[in-house]
Amino acid sequence: MTKRLTGFQPTGNLHLGNLLGAIRPLVVGQERATETIAMIVDLHAMTMEHDPRTLRACTLEVATLLLAAGVDPKRTALIAQSQIPEHTELHYLLECTAAHGEAARMIQFKEKSAAGGPVRLSLLTYPVLMAADILLYDAQEVPVGDDQNQHLELTRTLALRFNARYGETFVVPEGVRPESAARIMDLAEPTRKMSKSTAGEAGRIGLLDPPETIRKKISRAVTDTAGVVRHDPEHQPGISNLLAILAECTGERPGIYPNYGALKRDVTEAVDALLAPIRKGHAELSEDPGYVREVLAEGKTRVRPAALATVRRARAALGLLD
Ligand code: AMP
């Protein structure tokens, strides 16, 4: 059985792009014979200035949203990274096989450290923690977007090097494109990706946005003056994005539209039909926060033996006493 690992940052603002590009492929993957681990990467959220209360709340919020969006804890192990101490142990063991230059040339480290202010050491080393996250569970498949390719390559390099130097220890993972290659663009600025980090909310449809907010955001989505509804991302990025959202939400090719208003009405309906059950599920789950914690504890129990076995193999290979 193929093992697949998907990670989610515990940040607020989960949006329609996250749902279509990452959460839904994970939910669809459950239907196939793929053993899936969905991991909330809370340790990665500490590589930048963070607020402890927000981190705790966001970790539970993302777990709640994943469950509301269809992650089935019977089929998918839902875990919080920090609750399984082998992540940090393997991180250190791998650091002892990685070079400083390998971490320092990561584009995300360069970009984030160039933003100014004090740079946490963990920002430099977190790609090695990411390698530990993946190698710990013998994951064969890791869905990666373009921005994560470099990190997956580092994981593969470290695994191959470790196996060659210290003996066969790790499964070398492959990056796979998420089934849905959907890249949802910002509604207010359709040439950039819909993102958690954009300051304004107008271009981002939050997974918990009420119907009236969704309607307003879509009705104000930036279009163009061509007046023709067609898929032409270069010349009509806004309309093309709305067509893509419609196709993704309904699973069908959009029909012919006489004008932008009619298209926007159908997009609103389709988005709301997709998000309404998630809002409802989230509201129900929020009434019982103990349940979400139980799911995480169960996930931990399920994956821990594999994590312990990997760390034991790595320790022995490196010459550490058992
Ligand atoms: P991030 O929001 O960057 O933490 O990404 C979490 C996951 O959602 C990753 O797998 C991304 O590829 C996916 N994702 C983020 N933004 C979008 C978007 N606008 N369209 C499609 N997928 C996205």
Tell me, please, whether a residue that is among the small types (Gly, Ala, Ser), closer than 30 Å to Gly281 by Cβ, surrounded by 13 or more Cβ atoms within 10 Å (Cβ to Cβ) and assigned by TED's automatic domain parsing to the domain that holds Pro277 can be found in region 223-240. no
Unique residue being closer than 19 Å to Glu189 by Cβ and out of contact with any Phe, Trp or Tyr (no Cβ under 6 Å at 6 or more places or on another chain) when the list is Ala262, Ala221: Ala221
Would you check which residues across region 1-20 are part of a strand (DSSP E or B) and closer than 24 Å to Ile245 by Cα and list them? Thr6, Gly7, Phe8, His15
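Okay, residues lined up against (1) at pLDDT 95 or above; (2) in contact with a strand residue (DSSP E or B) (Cβ under 9 Å, 6 or more places away or on another chain):
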position	(1), (2)
Gly261	yes, no
Val271	yes, no
His282	yes, no
Asp288	no, no
Gly299	yes, yes
Arg302	yes, yes
Quick one: in region 19-38, of everything that is within 13 Å of the ligand (Cβ to nearest atom) and farther than 13 Å from Val71 by Cβ, which residue is farthest from the chain's Cα centre (by Cα)? Leu20
Within the set of pairs 6 or more residues apart or between chains, which connect a residue that is assigned to a loop (DSSP other than H, G, I, E, B) inside region 21-41 to a residue that is within 11 Å of the ligand (Cβ to nearest atom) with Cβ atoms less than 7 Å apart? Val41/Gly7; Val41/Phe8; Val41/Gln9
On the given criteria, is Val41 touching a Pro at 6+ places or on another chain (Cβ under 8 Å) and either at negative phi or more than 12 Å from the ligand (Cβ to nearest atom) (or both)? yes
If you go through region 51-66, how many residues are farther than 15 Å from Glu284 by Cα and crowded, with 20+ Cβ neighbours inside 10 Å? 2
Condition first: of a type in the set (A, V, I, L, M, F, W, C) and either farther than 17 Å from Pro190 by Cα or touching an Asp or Glu at 6+ places or on another chain (Cβ under 9 Å) (or both). Now tell me which residues in region 243-259 satisfy that. Leu246, Cys249, Ile256
Do you know which of the residues in region 3-18 that are at pLDDT below 90 and either surrounded by 22 or more Cβ atoms within 10 Å (Cβ to Cβ) or under 21 Å from His151 (Cα atoms) (or both) is nearest to the ligand (Cβ to nearest atom)? Thr11
Quick check: anything in region 50-64 in contact with a helix residue (DSSP H, G or I) (Cβ under 8 Å, 6 or more places away or on another chain), at pLDDT 95 or above, within 16 Å of the ligand (Cβ to nearest atom) and more than 19 Å from Thr301 (Cβ to Cβ)? yes
Here is a list: Gly227, Gly167, Gly175, Gly200. Which entry is away from the ligand (no atom under 16 Å from the Cβ) and modelled with pLDDT under 95? Gly227
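Conditions (1) among the small types (Gly, Ala, Ser); (2) touching a Phe, Trp or Tyr at 6+ places or on another chain (Cβ under 8 Å); (3) in a helix (DSSP H, G or I); (4) loosely packed, with under 12 Cβ neighbours inside 10 Å, marked per residue:
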position: Arg293; (1), (2), (3), (4): no, no, yes, no
position: Arg304; (1), (2), (3), (4): no, no, yes, no
position: Ala309; (1), (2), (3), (4): yes, no, yes, no
position: Leu320; (1), (2), (3), (4): no, no, no, yes
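The values are calculated or read from the model by the stated rules, or taken from the named source; none is laboratory data. Model, not experiment: these values are computed from the prediction. No Cβ is skipped: glycine too gets one built from the backbone with ideal geometry, and neighbour counts run over all protein chains shown.
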